[in-house]
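The values are calculated or read from the model by the stated rules, or taken from the named source; none is laboratory data. Remember, predicted model here, so these are calculated numbers, not experimental data. Quick reminder, even Gly has a Cβ in these numbers, built from the backbone with ideal geometry, and neighbours come from all protein chains shown.
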Amino acid sequence: MAFIDAEAAGKQDYDVIVVGSGAGGGQMAYTLAMSGVRVLMLEAGRKYDPASETAMFQTPEMAPLRGVGTPDKPLGFYDATIGGWQLPGEPFVSASEKEGERFQWWRARMLGGRTNHWTRYSFRNGPYDFKPRSRDGLGFDWPIAYADMAPYYDKVEMLVGVYGSNDGLENTPDSPDGCLLPPPKPIVSDLLIRKHGAKLGLPVVASRRAVLTQPLDWKSLPAKLHPGSASAQDILARDMRKRSPCFWATPCGQGCSIRANYQSPTVHLPPALETGKLDIVTDAMVAEVLLAKNGRASGVRFVDKRSGRSREARARAVVLAASAYETVRILLNSRSAKFPQGLANSSGKVGKYLTDTVGSYLAGQIPRLENLPAHNEEGASGGHMYVPWWGYKAQKAGKLPFARGYHIEFFGGRRMPSFYTNAGLEWLTGGSYGRKLKEDARRYYGSMVYFAGRGEMIPNEHTYCEIDPNVVDTYGIPVLRFHARFSEHEINQAKHMQETFREIIHEMGGTPMSSMPSKEALYGLEPVGRIIHEVGTTRMGSDPRTSVLNANCQAHDVKNLFVADAGPFVSNAHKNCTWTILALAMRTAEGIAQQRNQGTL
Ligand SMILES: Cc1cc2nc3c(=O)[nH]c(=O)nc-3n(C[C@H](O)[C@H](O)[C@H](O)COP(=O)(O)OP(=O)(O)OC[C@H]3O[C@@H](n4cnc5c(N)ncnc54)[C@H](O)[C@@H]3O)c2cc1C
Ligand code: SF4
């Protein structure tokens, strides 16, 4: 089994069809294939090989426009994403363009989806994050608890590789021995932020990112991950040996040809293909799930983008992992006499309770970091340290004007010049040229620090997606229309972020790059969708009247239909969502494999 064409896929019977090859789809296909389950993966994007396509060793002067963003490559030449804020031929509709109601959507159309770019922050949700309503009466509780998820976080950490430290902080779970790789050394600006952050009571600790800081322990991890399967252990051990640790040289957002960070096509798909149990069809745009007369999913209909032909594929079970909102689109476009308002939607909740992360930014200039001696400190090209949410006690005491928390990701250092250019030399110099420009460049290079708040958005009735009645994509498939609104909790949280960033910058003796955003500007709160943490919409729950999936991510209405992206999330903790997507997909996959091996699928 391997990469096959659309016609060949239609001629075979599979155990499971997996739609999408990103974090959820990759993890699902890996776990199923390693358990002996026959899988067909359908991916709307093109085949993509990070080993041969990543421009890792091309420095900015070799790149078009020195690598800066363009309309068709918004994050610049080096960004691994094939896709972006707009996809040719695949529109979506934002129901409002008003401040606070505008919606943005970043999509990737490629093997591995958005895992080829993501920033690789990899945090576990904590115990509070699964039971938020029980704590503050807002939003909803998950039907599962941290204890249900902890073993899967452990296994994902061992399989994928993540650096970090155990700090014993509230609702910020430690990992058992053997799960974490050592974190990279703090860079100069990290040390300064840690020193001055401590004066403000902020914990500054090692970040957690899915980047290998040393080789994975291929001798012992495979047996822990696949007890009882010598062949799976053997495949994984061989594959782990092919992954090199980070050599601290190139931005992760462009992908990693040495397989040092997590991308689905470098971590999940190679061993899954090696089992011989996985077939992959790329350029396969799934339009709907097909329903048999017995009320079970029988397969999917998809458009073969190369020929433009509509095709069908069959399996005993269907797993949607197209990303939380795309999965809604597939379900709502799968209408039948039994499900006139969309498949698995008897509750009317498909598309509801959509959330993103609360995001706000601030940059500052720190004179103490000027004129540093030349040194290379690019490191793992993303945060080596971060500030976990520290306000649980103040919140409990009623001292904060918002519910839930946020963490702070921060960046500094002396990276390739695009970073410096982005810092805005003119703002510091008032404009200079010739010898003075060179002096200014040497003086200010590396003296900027950037703070990004990442907070929890509470699901609300006004933020959801539905099928737009008028617009279809280039394949004739109806598209999504998005409605977005923030509550006072998110707006006040953004204000708190801005105030905190300013306090840190002042404490460091620096100057914020911009003034405090106004209430009308929502204190710099980014639009819903902007932070690209696509969550909610097919939430899990124990009551079929108010949820789409049960606690095993299985549709209440259609027993052989599952969801493996962030759609099942009931809340969107400030911890970036991908680590929980992976852990939940692994848990769901193990349940499916068990059913298949017991003959009950
Ligand atoms: C710039 C950036 C930075 C990020 N940083 C972080 C971070 O630091 N930490 C974190 O946790 N998360 C981060 N994320 C988010 C992370 O990338 C996503 O959470 C994760 O990739 C979601 O996985 P997924 O499988 O649900 O969707 P995706 O990775 O988007 O994969 C979905 C796949 O399904 C395919 N698909 C869609 N529709 C169909 C269809 N109809 N038929 C067939 N295939 C279909 C898509 O083409 C895509 O390949 C970041 C994202 C971006 C873009
Ligand atoms: S920083 Fe390390 S993990 Fe990231 S792309 Fe470069 S080598 Fe790979």
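Can you tell me which residues in the range 79-119 are within 16 Å of ligand 2 (Cβ to nearest atom) and of a type in the set (Phe, Trp, Tyr)?
Hit for the range 79-119 is Trp118, nothing else.
Which condition from (1) over 27 Å from Leu212 (Cα atoms); (2) within 21 Å of the chain's Cα centre (by Cα) is the one that Tyr78 breaks?
With (1) over 27 Å from Leu212 (Cα atoms); (2) within 21 Å of the chain's Cα centre (by Cα) applied to Tyr78, the lone miss is (1).
For the range 527-568, what are the residues that are under 19 Å from Met28 (Cα atoms), within 16 Å of ligand 1 (Cβ to nearest atom) and in a strand (DSSP E or B)?
Correct list: Val535, Gly536, Met540, Leu549, Leu561, Phe562, Val563.
Given the condition among the small types (Gly, Ala, Ser), outside any loop (DSSP other than H, G, I, E, B), away from ligand 1 (no atom under 12 Å from the Cβ) and exposed (fewer than 15 other Cβ atoms within 10 Å of the Cβ), answer yes or no: does some residue in the range 1-16 qualify? Outline the logic, then answer.
Filtering the range 1-16 down to residues among the small types (Gly, Ala, Ser) leaves 2, 6, 8-10.
With outside any loop (DSSP other than H, G, I, E, B) added as a condition, the list becomes 6, 8-10.
Still in the running and away from ligand 1 (no atom under 12 Å from the Cβ): 8-10.
Narrowing further to those that are exposed (fewer than 15 other Cβ atoms within 10 Å of the Cβ): 8.
Yes, the range 1-16 contains at least one residue that is among the small types (Gly, Ala, Ser), outside any loop (DSSP other than H, G, I, E, B), away from ligand 1 (no atom under 12 Å from the Cβ) and exposed (fewer than 15 other Cβ atoms within 10 Å of the Cβ).
If you take the residues in the range 48-67 that are within 16 Å of ligand 1 (Cβ to nearest atom) and assigned to a loop (DSSP other than H, G, I, E, B), which one is farthest from Gly22 (Cα to Cα)?
My answer is Thr54.
Condition (residue is small (Gly, Ala, Ser) and over 22 Å from the mean Cα position of the chain (by Cα)) applied to the range 102-123: is it met by at least one residue? Break it down stepwise before answering.
Here is the first cut: in the range 102-123, the ones small (Gly, Ala, Ser) are 108, 112-113, 122.
With the extra rule that they be over 22 Å from the mean Cα position of the chain (by Cα), the set shrinks to none.
Within the range 102-123, none of the residues are small (Gly, Ala, Ser) and over 22 Å from the mean Cα position of the chain (by Cα).
Looking at Ser307, is it more than 16 Å from ligand 2 (Cβ to nearest atom) and part of a loop (DSSP other than H, G, I, E, B)?
yes
Taking the range 337-391, which residues are small (Gly, Ala, Ser) and more than 20 Å from Ser547 (Cβ to Cβ)?
Those that are small (Gly, Ala, Ser) and more than 20 Å from Ser547 (Cβ to Cβ): Ala337, Gly359, Ser360, Ala363, Gly364, Ala374, Gly379, Ala380, Ser381, Gly382, Gly383, Gly391.
Listed residues Thr54, Thr81; which is farther than 29 Å from Leu331 by Cβ and crowded, with 19+ Cβ neighbours inside 10 Å?
Numbers: Thr81 fails: farther than 29 Å from Leu331 by Cβ.
Result of the check over Thr54, Thr81: Thr54.
How about the range 281-304: which of its residues are part of a strand (DSSP E or B), within 11 Å of ligand 1 (Cβ to nearest atom) and closer than 17 Å to Arg109 by Cβ?
Val281, Ala284, Met285, Val286, Ala287, Phe302, Val303
Please verify whether Ala249 is surrounded by fewer than 23 Cβ atoms within 10 Å (Cβ to Cβ), away from ligand 2 (no atom under 16 Å from the Cβ) and over 21 Å from the mean Cα position of the chain (by Cα), treating the condition exactly as stated. Steps first, answer last, please.
Numbers: surrounded by fewer than 23 Cβ atoms within 10 Å (Cβ to Cβ): yes; away from ligand 2 (no atom under 16 Å from the Cβ): no; over 21 Å from the mean Cα position of the chain (by Cα): yes.
So Ala249 does not fit the description; no.
Could you run through the range 316-331 and say how many residues are surrounded by 24 or more Cβ atoms within 10 Å (Cβ to Cβ) and more than 13 Å from ligand 1 (Cβ to nearest atom)?
Matching residues across the range 316-331 total 1.
I'd like the full set of residues that are within 16 Å of ligand 2 (Cβ to nearest atom) and at pLDDT below 95, limited to the range 196-245.
Listed by number, the list is empty, since nothing qualifies.
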